Amino acid sequence: MTVCTRFAPSPTGYLHVGGVRTALYSWLYAKKTGGRFILRIEDTDRERSTQASVDAILAGMAWLGLDYDAGPFYQTQRFERYHAVIQQLLAEGKAYHCYCTKERLDNLRETQMQAKQKPRYDRHCLHHPQDKPAGVQPVVRFKNPQVGAVVFKDLIKGVISINNSELDDLIIARSDGAPTYNLTVVVDDWDMCITHVIRGDDHINNTPRQINILQALGATLPAYAHVPMILGDDGQRLSKRHGAVSVLQYQEAGFLPQALLNYLVRLGWAHGDQEVFSIEQMIDLFEIESVNKAPSAFNTEKLLWLNQHYIKTLPADVVAEHLMPQMDALGLAVAQEGAPPLAAVVQLQAERAKTLKEMAQNSRYFFQDVIELDETAVKKHFRAHLLAPMTDLYHALAALHDWTAAAIHQVIVDIAAQHVVNMGKIAQPLRIAVTGRSMSPSIDATVALLGKPRTLNRLQHALVVLTALPN
Ligand code: GLU
């Protein structure tokens, strides 16, 4: 039997990191077992589903590299099939029409609550099929078994047993004929030959109901794994008020997909005390059975640590590819003449940036024609007496043919020696002159990468500023 897993988001909002972790676990399980992974968009709630949300799901999956072997399937395109199954259940006496008004159901509920009973449908319409009030469009209810229990072994939570007496005859088609969530999921999992349903544990109460419907249809039951939720730092379910929860927000904030995937796989699952996992290692080592039963708390610091780890260790051209959109967002043209290759910028900046957004912001000066000099830095480091050494520095660099970090370093050392000043007294104004700021990677490497024309241009401008200073 080929393993088949699925990710089945409802497109009613952003793609939540919790959803992505579930998707990742499903994806890993399929990869690990040589199985298939399916993407299914559960868009039957037409009022709340939006195309923007579908787009966010597809973009998020693509960004993370969570590829699917089939899909995306859209439930709204499968209504005929759901109707056929509902008709089949009706014809086989496994489902029935219910004409009860809201008023009757409310009264029933009220009476049961007062009698301290669990509110549930009393099967009035099953027992009185002739009771069909004129003008009422019926719903369809599934005839849930009355006795016995649904017992299944959840791959994460262990054996779960629910008495059928706890379960209602749930509505599988609304009065307008629209199928409900539990019905569509069951039909899809069945039709798509899903062998392992890996999903958030907010669905655990639906599972016994779905198992009963699957059994009524004579379908083979999948295995289930319910993944605990992710909490914020205050112990509450992770939500917007804790900060970013949408995957695309993490992309915008400058996280690498490798870092987010690594972070999410570890959140709620461990392999000894290993923290860093390549995709290949994740596939190799991941075990759904060892996912934690308890919820896990999101820790942005750890995610940042992993992000920096990947910024430093992934090949620079891979990081550069992900840096590109950040540069675009800042309006910086990367592919212009005279600008250094982005991968070289990544190599230079890798040690100093926790996010790609930070890296982009710190790399502006490589891609700008004109830079602004930070006023505070200028005030602190530009001194009138530096005009002579800085002028000599300009000429020495202008005469330099071997435009490498080592040669540039030597020029700075020589000029400092000639003028009997500390090297920093030269290097810092040079840094401010060429980057506009008082912090950058090592100045010789920065100047080397910036290139001769831009360096000389900027130094010339700095000389003008120095000339204008009072003695
Ligand atoms: N569409 C459901 C959701 O987004 C998931 C259903 C399932 O995985 O069975 O919560």
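Scan region 229-260 residue by residue and report those that are under 28 Å from residue 319 (Cα atoms) and part of a loop (DSSP other than H, G, I, E, B).
Answer for region 229-260, where residues must be under 28 Å from residue 319 (Cα atoms) and part of a loop (DSSP other than H, G, I, E, B): 243, 244, 245, 253, 254, 255, 256.
With acidic (Asp, Glu), free of Cβ contacts under 8 Å to residues at least 40 places away in the same chain and under 30 Å from residue 225 (Cα atoms) as the only criterion, which of 280, 375, 289, 321 stands out?
The unique qualifying residue is 280.
Here is a check on your reading of the model: is residue 197 open to solvent by 50 Å² or more (accessible area, probe 1.4 Å), of a type in the set (A, V, I, L, M) and either over 23 Å from residue 37 (Cα atoms) or touching a Phe, Trp or Tyr at 6+ places or on another chain (Cβ under 9 Å) (or both)?
No.
Considering only region 296-316, state which residues are surrounded by fewer than 19 Cβ atoms within 10 Å (Cβ to Cβ), assigned to a loop (DSSP other than H, G, I, E, B) and under 18 Å from the mean Cα position of the chain (by Cα).
299
Taking residue 3 as the residue in question, decide whether it is in contact (Cβ under 8 Å) with a residue 12 or more places away in the chain and more than 16 Å from the ligand (Cβ to nearest atom).
Taking the combined requirement at face value, the residue satisfies it.
Taking into account only those residues within region 123-146 that are among the aliphatic types (A, V, I, L, M) and closer than 25 Å to residue 184 by Cα, which is surrounded by the fewest Cβ atoms within 10 Å (Cβ to Cβ)?
136
Just checking, which of 379, 425 is surrounded by 15 or more Cβ atoms within 10 Å (Cβ to Cβ) and of a type in the set (D, E, K, R)?
425
What are the pairs, 6+ residues apart or on separate chains, where a residue within region 449-464 that is farther than 11 Å from residue 338 by Cβ has its Cβ under 8 Å from a residue that is aromatic (Phe, Trp, Tyr) and buried (at least 22 other Cβ atoms within 10 Å of the Cβ)?
Within 8 Å, the pairs are 449/366.
Return the pairs, sorted by first residue and then second, in which the second residue is open to solvent by less than 60 Å² (accessible area, probe 1.4 Å) and of a type in the set (S, T, N, Q), the first residue lies in region 155-183 and is under 26 Å from residue 80 (Cα atoms) and more than 16 Å from the ligand (Cβ to nearest atom), the beta carbons are less than 8 Å apart, and the residues are 6+ apart or on different chains.
Close Cβ pairs satisfying both conditions: 168/144; 169/144; 171/180; 173/180; 174/180.
Sort out which residues of region 403-422 are in contact (Cβ under 8 Å) with a residue 12 or more places away in the chain, open to solvent by 30 Å² or more (accessible area, probe 1.4 Å) and under 24 Å from residue 375 (Cα atoms), and write them in order of number.
Correct list: 421 only.
When you go through (1) away from the ligand (no atom under 16 Å from the Cβ); (2) at pLDDT 95 or above; (3) open to solvent by 40 Å² or more (accessible area, probe 1.4 Å) one by one for residue 89, which number turns out not to apply?
(3)
The values are calculated or read from the model by the stated rules, or taken from the named source; none is laboratory data. Note that the structure is a prediction, hence the values are computed from the model and not measured. Here the Cβ is made from the backbone with ideal geometry for all residues, glycine too, and neighbour counts use every protein chain on show. The area values use the complete protein model at the heavy-atom level, side chains included, leaving out ligands, DNA and RNA. Shrake-Rupley method; radii C 1.70, N 1.55, O 1.52, S 1.80 Å.
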